[in-house]
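Okay, so here's the structure we're looking at.
All of the numbers you see were taken from the coordinates with simple rules; none came from a lab. Computed from a prediction, not measured in an experiment: that's the story for all the values here. Cβ atoms come from the backbone with ideal geometry, glycine included; neighbour counts cover every protein chain shown.
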Amino acid sequence: MMKPHGFRIRVVFFVLARGEIKLSRFEIEFEEWLSKQISNELNPRRRELLRKGLGHGTVEFLRRIWYPAIGNFNDLYAEWEVRDLNN
């Protein structure tokens, strides 16, 4: 897969001296929020879509814009993907 010019992928975790991996605060809260969204979802199709995970762009928006500005995922609801006329 080709990456757009100037795009870098950054893995956000820390390796402790004992070789353990410590997730960033964003990663911890994001996983808790997504798990809660999945467990509270009554629609089986939507629950399956959430289990597959959110898209890369959505996660990056949450990581770089939402979380630094708001600081939490309270009252945030993962909506359905909206398709345009070109699918």
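Odds and ends about this structure:
- Applying 1/(1 + (r/R0)^6) with R0 = 25 Å to the Cβ-Cβ distance of T58 and R25 gives a FRET efficiency near 0.85.
- Per-residue extension of 0.36 nm, minus the Cα-Cα distance of S35 and E79, leaves a gain of 14.4 nm for this segment.
- Environment charge at R51 (Cβ cut-off 14 Å; Lys +1, Arg +1, Asp -1, Glu -1): +2
- Spin-label model distance (nm) - R47 vs A69, 7 Å beyond Cα toward Cβ: 3.3
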